[in-house]
Structure formats: structure tokens, C-alpha cells
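The values are calculated or read from the model by the stated rules, or taken from the named source; none is laboratory data. These numbers were taken from a predicted model, which means no experiment stands behind them. When we count neighbours, we look across all protein chains shown, and the Cβ atoms used for this are built from the backbone with ideal geometry, even at glycine. When the accessible area is computed, the model is the full protein with side chains, heavy atoms only, and any ligands, DNA or RNA have been set aside. Shrake-Rupley method; radii C 1.70, N 1.55, O 1.52, S 1.80 Å.
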Amino acid sequence: MSALLAAGSVFFPGLFLLSKQTLKHVMGWSEGDAAIVSTRLVSSVQAIMASSAGCIIVRSCRDVMDDRHWLTDSYILFATPYFAYDIYAMFLCYWHRLQVKGHEEECGVRSLGAAVVGYLRQELFMVLHHVFMVAFCFPVSLLWRQGKGDYFQGVLFLAELSTPSVCLGKVLIQYKKQHTLLHKVNGLLMLLTFFSCRVLLFPYLYYAYSRHASIPVYKVPLVAPWQCNLGAALLWPLQLYWFVLICRGAFRLFTRR
């Protein structure tokens, strides 16, 4: 257990530093640009690893409650440090954006403490999401399940399929590439993957359990453990909120002359 946690604690920050230094010294990028792109790269790598693990787990578990796969607990342990790292990495991106000439004065941010407050205001929901993943989802997924429901955990991993397109979209917007065909194609892909992998995620989980238990879907919340209902009640509204923001962005993108 400790070895996988340690491996994740080294891998994600190490990949970030390696990517940032490569972009700075080989490509000649600035510190800020290298940090922003490296953060998106690490997020995409984690997403690819998580969705790959999810695909393997889902395909191998015939019984949604009792079948087990060793990759489930292993990847939970390995990936948990990513969420702590990403809170810091997102702050670095925010800080570097403030350092752009003239931007710092416009935002009224002249100190690290003020930058932290501004970062929390801008990224509050994402920070809360990451804290919840570490403080609640990690112990629930690893300890409380007691070996049950690897299939459902694999489906949750598949939510990360939408992350690479989200990261690419943010990079393209950061570097004023909204007019390109790549941005439009990526925006459509992001809309489809986010809806199918995140918005429909929790309804599908309840539907899959209803089939397993041979009960109507509307009765699942009444028999499901409170931890599952609490996680869904807190995480699903966030996905709906972010999906609305994506739809607004897509509407502006495809209606702009």
C-alpha cells in the first residue's frame, strides 16, 4: 500500500518537473508557458491511465458486485496523490497567469496570500472536488468496499475519458487558438465525452445496480449504502454544473461569426 502511494507521489510531480524542464530548455519556452502546458499534460496522462485501468476492470468483471481485479485497489492507491499534486499545480498555473505583464495589476494581486485567495475563488469547486476525492472517496473506495463492486469502481475510472479534451481545450484557449478547426473539433469531442462519461455516469451506476439486484431504479437509493448516495449527491451536481459551462462555451464557439 505505502509503496504505491509513494510511487504516485513521485510519478506525477516528477512527470510535471520533467515536462516543464524539457519545454524550457529544449523548446525555449518561458517558465509560465512550460508550467501551464506541463500541468495539462500530467492531467491527460493520469486520465489515460485511469480510463485504461477502468476499461480493463469493466471488461473483466462479469458480476458487478463480487468479481475482483487487482488493478482496482492498486490504481486507487497510485492515483490518490495526483489530486493533492494537482491542487498545487493548478495554483502554479494561476500564479503564472498573474505574472503576465499588466495582468497582475488588473487583478489587484500583488502578494502570494492574495493570489491564494484569488485562486480559491476562481477554482473553488475544483479544489473542493479534489479534497473530497482524497478525504472521502479514497477511504470509501479502498477500505469500506471490502472487495465489493470493482466493476463500479472501474466505471468511475472511465469518467476520466473526457479529461484530455478538456485539457487541450484549455491550452488552446490560453494561447488564443479559439478560431482553429482543432479547437472546434476538440470542443465537440469534449461535449460528447463529458456528457457520456460524467453526466450519465451516476444514473448508469444506479441502473447497473438495479439490474444486479432486480429492483426498479428508483428504489436503488433506498437500499444503496449511504456512502454511495452521499458521493453521488455531492459529485453529480458538480458534473452538471461543469457541463452547463461547457455547453455555454460550445454555444459561443459555434455561433460566433
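Some points to look at:
- Some residue of the stretch 154-164 being open to solvent by 70 Å² or more (accessible area, probe 1.4 Å), within 17 Å of Met49 (Cβ to Cβ) and not basic (Lys, Arg): yes
- Residues of the stretch 208-218 that turn out to be free of Cβ contacts under 8 Å to residues at least 60 places away in the same chain, surrounded by 13 or more Cβ atoms within 10 Å (Cβ to Cβ) and assigned to a helix (DSSP H, G or I), as a count: 3
- Considering residues of the stretch 183-199 that are open to solvent by 80 Å² or more (accessible area, probe 1.4 Å) and under 20 Å from the mean Cα position of the chain (by Cα) only, the residue farthest from Lys148 (Cα to Cα): Leu188
- Given (1) outside any helix (DSSP H, G or I); (2) open to solvent by 30 Å² or more (accessible area, probe 1.4 Å), number of the condition Leu143 does not satisfy: (1)
- Only listed residue being under 21 Å from the mean Cα position of the chain (by Cα) and in contact (Cβ under 8 Å) with a residue 60 or more places away in the chain, chosen from Phe91, Phe78: Phe78
- Of the candidates Thr193, Thr163, the single residue that is in contact (Cβ under 8 Å) with a residue 40 or more places away in the chain, under 20 Å from Ala47 (Cα atoms) and polar (S, T, N, Q) is Thr163.
- Close pairs (8 angstrom Cβ cut-off, 6 or more residues apart or separate chains): modelled with pLDDT under 80 in the stretch 97-124, surrounded by 10 or more Cβ atoms within 10 Å (Cβ to Cβ) and in a loop (DSSP other than H, G, I, E, B) anywhere: Glu104/Arg110
- Flag for Tyr85 being of a type in the set (Phe, Trp, Tyr), touching a Pro at 6+ places or on another chain (Cβ under 7 Å) and open to solvent by 10 Å² or more (accessible area, probe 1.4 Å): yes
- Picking from residues in the stretch 170-182 that are in contact (Cβ under 8 Å) with a residue 24 or more places away in the chain and within 20 Å of the chain's Cα centre (by Cα), the one that is most open to solvent (accessible area, probe 1.4 Å) is Lys170.
- Residue match in the stretch 40-49 (condition: modelled with pLDDT under 95 and either in contact with a Phe, Trp or Tyr (Cβ under 7 Å, 6 or more places away or on another chain) or part of a loop (DSSP other than H, G, I, E, B) (or both)): no
- Flag if Lys176 is over 25 Å from Met90 (Cα atoms) and either at pLDDT below 95 or not in a helix (DSSP H, G or I) (or both): no
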